[in-house]
Amino acid sequence: MSNPESKVSIDPWRDAPPVCRVYSGYAPFRKLLEAYLGNTLKLTDSPERGEREGLLVDCTESMDTLTLATQKFPDHPIVAVLSETEAVGAMEALARGADGVIALRDPPTMWRECLNVVLGGGRWLGGPGLDVQLEDKGSSYNIATGRRHAGDVTLRTKLFVRDRLADKPGE
């Protein structure tokens, strides 16, 4: 006899593309994302907020856009879109309230993974090229402030970052 509590819950969002709004002061940014990502993500302009909806913020020119976005959309999980993944930009985006960071050049499959993690309540620190030494004794673990996160990096996050850093060539 099977125990009903032992059933594995199935992710209802598994096969659906993540839904996102785009926040940018540069009008062609959305078209750039649509062309690059195709059907990997679903971009919305609906006046109604969806049940599970994120916000992609154009931080390719300035992090000030992120500050404005967090004020305008305080309840949306936010992913900062950088022109390239680099530690300083990623840490600044997280400190300004982003839930995740992705680079324009990251493959569409990574965008989908990032959005699924962020929409599920997690944090995304970028791809395997991100060189962040969270294990250093002098590192600050208070990398984000805001209502959604305490700012502390959890053991799971530290292990995730360490695991992803091991993917770098030469290690």
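The values are calculated or read from the model by the stated rules, or taken from the named source; none is laboratory data. Model, not experiment: these values are computed from the prediction. We place every Cβ from the backbone using ideal geometry, glycine too, and count neighbours over all the protein chains shown. Areas reflect the complete protein model, heavy atoms only, side chains present, ligands, DNA and RNA absent. Shrake-Rupley method; radii C 1.70, N 1.55, O 1.52, S 1.80 Å.
Count Lys and Arg as plus one, Asp and Glu as minus one, and take only other residues whose Cβ is under 11 Å from that of Tyr23; the net charge is then +2. Annotation: Cys59 carries an accessible surface of approximately 10 Å², with a 1.4 Å probe and no ligand, DNA or RNA atoms counted. Close amide H pairs (under 5 Å, H built 1.01 Å from N) link Trp124 with Gly100, Val101, residues at least 5 positions away or on another chain. Modelled spin-label separation between Ala27 and Ser62, with each label point placed 7 Å from Cα along the Cα-to-Cβ direction: 1.9 nm.
Each peptide in 26-37, 66-77 gets a packing score, the mean of other Cβ atoms within 10 Å over its residues, and the list from highest to lowest is 66-77, 26-37.
Considering every Cα-Cα pair within the stretch 46-132, what fraction, in whole percent, is farther apart than 21 Å? Intermediate results must be reported in sequence, preceding the final value.
Numbers: 820 of 3741 pairs.
I get 22 percent for the Cα pairs in the stretch 46-132 exceeding 21 Å.
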